[in-house]
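Here's the structure, in structure tokens; my notes come after.
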Amino acid sequence: MTISPLQKERLKYIPKLPGMLRNGIAEIGVKKGEETCSVADQEKIKALFPNTYGKKEITFEKGQNTSPAKKQVVGVILSGGQAPGGHNVVCGLYDALKAIDKENELYGFKGGPSGLLEDDYLIFDDEYIDQFRNTGGFDIIGSGRTKLETEEQFAVAAKVCKKHGITAIVIIGGDDSNTNAAVLAEYFAAHNTGVQVIGCPKTIDGDLKNEDIECSFGFDTATKTYSELIGNIERDANSAKKYWHFIKVMGRSASHVALECALETQPNICLISEEVAEKKMSLQQIASYIADAVEKRAAEGLNFGVAIIPEGVVEFVPEFSALIKEINELLAGSKADEFNSLATWEEKYAFIEKGLSKEAMAVFEVLPQAIQQQLFMERDPHGNVQVSLIESEKLFSAMVKAELDKRKTAGTYKGNFSALHHFFGYEGRCAFPSNFDADYCYSLGYNAAMLIQYGYNGYLSKISNLSKPAEEWVAGGMPITKMMNMERRHGEDKPVIRKALVELDGKPFKYFEANRDTWAVNTCYLYPGAIQYYGPDEVCNLTTRTLALEKQ
């Protein structure tokens with residue numbers, strides 16, 4: 001296999017483990033904490049998880065290893081979207097299992113959870129796994145978005161595990177995947193299968209976090225990758241001095257990525273979806289806010305700038321959310337076929353105008369035609385608008401231009417406005433992991449093996465104290481049910497892991513809030529540059545600005 005010089009060097013990198021896990025396996029003991037409860041809806045969650053609810057958090061510490069000697073046959077699944085460092089979770093898990101007992105085996109189920117259901121797997125060995133150390137991507141076994149959520153699926157999973165003598169399943173995924181891990185763990189416990197389930201917190205969106213899970217893996221690398229690109233664009237903007245760049249970044253349900261990139265690069269504008277919702281901002285208010293910065297910079301002869309737009313911001317605009325709900329109702333059932341049968345946009349527009357309320361139509365009318373049409377593109381499997389397909393960066397630049405045209409007519413704006421558009425998403429999902437993510441992910445996998453060896457079920461692998469050097473990181477585990485609440489999904493109340501939104505009273509947002517007015521008018525750009533893998537610690541082993549501010 002031909003590999004790049006960087007990959008060749010990265011294969012040699014030895015990830016750093018928490019000091020506790022560097023002890024010999026025989027010297028890793030367990031310290032038990034307090035019993036836990038779910039973040040909300042305690043009685044309902046307890047009733048749904050009678051075998052795995054309320055368990056104690058645990059921390060690994062130096063001491064005698066009291067786990068029973070037992071051959072482990074473990075299955076691992078990569079679930080959901082890719083995130084840098086996933087390969088190192090698998091490598092850490094593999095290395096720990098072999099350190100415990102060379103006879104232990106690790107099965108990789110291919111293509112995500114469906115690999116478990118279809119019994120499609122490979123058995124890892126040194127030669128195969130060594131090709132993927134410290135590399136990006138999920139191509140080691142592939143990923144998928146099949147959900148493990150029905151009794152029939154659980155029964156099939158139990159049958160496959162029994163066939164191979166599997167003692168534990170490790171699910172590497174985000175909030176939905178780890179919710180499924182919790183439900184699967186409960187099923188395995190209720191049916192006395194003897195199979196454990198351990199989760200690992202993954203998502204570049206950064207919304208799988210709480211007081212225990214300080215950071216989901218992949219967030220560090222992805223935001224550093226996006227910030228490099230944004231910094232490059234800022235430098236180009238400051239060189240050409242003639243374009244406003246509207247940059248959409250990942251984050252449909254929360255704005256952690258946008259906020260981190262803003263802290264890294266100091267753009268003129270960054271929208272935070274949670275603030276938009278808190279202030280009940282309208283589309284026009286957002287457009288006017290951006291236009292104000294454009295006008296003030298133009299008055300200083302600065303007809304250029306950079307605006308960061310979170311992927312899901314439009315869903316946080318109350319009037320837009322109401323419009324989406326009405327469109328979903330408008331196209332429910334056979335009405336979708338009726339709409340799709342119309343030949344021209346004019347006919348479709350008349351259909352829409354007739355079906356929407358006066359309030360919803362008032363919002364729809366101000367949207368650029370391209371955005372109007374995107375709202376009626378291909379639906380998701382539930383027949384709803386696919387908000388992620390809406391080019392919100394183009395929506396806001398068009399609305400800003402319309403607002404500036406009004407101001408130019410009124411004589412208050414005399415600048416030139418020309419917009420360019422970007423969307424950074426896939427660029428960050430499979431990047432070579434930063435040293436932080438390489439270390440963190442390897443530690444999560446190594447730690448998962450210790451949780452398995454000690455017999456824990458329905459736990460999330462947990463590495464904390466992450467703002468400190470790896471030697472000071474703390475390894476342990478927490479019951480997944482601690483993160484859960486009940487939410488309405490597809491007409492039913494479902495137990496799910498609560499997504500973590502940007503906290504508007506948190507230190508990262510407060511720092512951003514205190515500086516953004518200056519950044520809006522002045523050119524204060526920072527240019528982070530490419531991720532560095534070799535060199536001084538202050539360059540190569542930085543955590544995110546978000547984590548550094550949170551732990552001040």
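Any read-out appearing in this document is the output of simple, stated calculations on the displayed coordinates, not a laboratory observation. A quick note: this is a predicted structure, and the numbers were derived from the prediction, not measured. In this analysis, Cβ positions are derived from the backbone assuming ideal geometry, glycine residues included, and neighbour counts consider all displayed protein chains.
Observations, loosely collected:
- Over the C-alpha trace of the stretch 60-208, radius of gyration and Dmax come out as 14.8, 42 angstrom.
- Placing unit charges on each Cβ (+1 for Lys and Arg, -1 for Asp and Glu) gives the stretch 141-200 a dipole about its Cα centre, and among L148, A158, F188 the Cα reaching farthest toward its positive end belongs to A158.
- Our coupling estimate for the stretch 339-346, obtained by passing each phi through the Karplus curve with A = 6.51, B = -1.76, C = 1.60 and θ = phi - 60°, is 5, 5, 6, 6, 7, 10, 5, 4 Hz, Gly and Pro reported as x.
- Karplus (6.51, -1.76, 1.60) ³J(HN,Hα), θ = phi - 60°, over the stretch 275-280, in Hz, Gly and Pro reported as x: 6, 4, 5, 4, 8, 6
- Label-point separation, E211 to T66 (7 Å along Cα→Cβ), nm: 2.6 nm
- For V306, the residues whose modelled amide H falls within less than 5 Å of its own, excluding neighbours fewer than 5 places apart on the same chain, are H245, N268, I269.
- Excluding same-chain neighbours fewer than eight residues apart, the aspartates and glutamates reachable from K348 by a Cα-Cα span under 20 Å are E326, E329, D337, E338, E359, E365, E378, D380.
- Relative contact order of the chain, defined on C-alpha pairs under 8 angstrom at six or more residues apart (%): 24 percent
- Residue order, fewest to most surrounding Cβ atoms within 10 angstrom, among S357, S288: S357, S288
- For E57, the residues 5 or more places off, or on other chains, whose built amide H falls under 5 Å of its own are G33, E34, T36.
- Helical contribution to [θ] at 222 nm, DSSP H n ≥ 4, -39,500 (n - 2.57), averaged over the chain, rounded to 500: -12500 deg cm²/dmol
- Note on the chain: antiparallel DSSP beta bridges, both residues inside, total approximately 40 percent of the bridges counted.
- Cross-link pairs beyond the 18 Å C-alpha cut-off, checked among K110/K494; K55/K462; K32/K98; K31/K56: K110/K494; K32/K98
- Cβ-based exposure ranking for R545, R516, in which fewest neighbours within 10 Å come first: R516, R545
- Sequence-distant contacts, meaning Cα pairs under 8 Å at least 6 residues apart, place the relative contact order of the stretch 450-497 at 28 percent.
- All other residues whose Cβ lies under 13 angstrom from that of E105 are scored, Lys and Arg at +1 and Asp and Glu at -1, for a net of 0.
- Antiparallel DSSP beta bridges within the stretch 24-162, as percent of all bridges there, nearest 5: 65 percent
- Charge dipole (Cα centre; +1 on Lys/Arg Cβ, -1 on Asp/Glu Cβ; no other charges) of the chain amounts to roughly 520 debye.
- For the stretch 425-455, the residues whose backbone nitrogen is under 14 Å from a point 7 Å from the Cα of D101, taken along Cα to Cβ, are 450, 452-455.
- Fewest-first ranking of Y349, Y426, using other Cβ atoms within 10 Å as the exposure measure: Y426, Y349
- In this rough spin-label picture, where each label sits 7 Å from Cα along the Cβ direction, the A47-E347 distance is 5.1 nm.
- Around the amide H of Q196, modelled in the peptide plane, lie the amide H atoms of A168, I169, all under 5 Å away and 5 or more residues distant in sequence or on another chain.
- Judged by the ratio a/c of the largest to the smallest principal axis of the C-alpha gyration tensor, the stretch 9-90 counts as oblate, that ratio being 1.5 or greater while a/b is no larger than b/c.
- The 3J(HN,Hα) values that the Karplus relation (6.51, -1.76, 1.60; θ = phi - 60°) gives for the stretch 180-188 are, in residue order, 5, 4, 5, 5, 5, 4, 5, 4, 4 Hz. Gly and Pro appear as x.
- Cα-centred dipole magnitude for the stretch 277-349, charges only on beta-carbon of K, R (+1) and D, E (-1), debye, nearest 20: 260 debye
- In this Cβ point-charge picture (+1 for Lys and Arg, -1 for Asp and Glu), the stretch 326-473 has a dipole of about 480 debye about its Cα centre.
- Farthest toward the positive end of the dipole of the stretch 388-521, out of T412, A448, A520, is the Cα of T412, where the dipole comes from beta carbon charges about the Cα centre.
- When the stretch 1-144 is described by a simple charge dipole with +1 on each Lys and Arg Cβ and -1 on each Asp and Glu Cβ, the residue from A40, Q7, P84 located farthest towards its positive end is A40.
- Taking every C-alpha pair closer than 8 Å and separated by at least 6 residues, the mean separation divided by the residue count of the stretch 391-504 gives a relative contact order of 13 percent.
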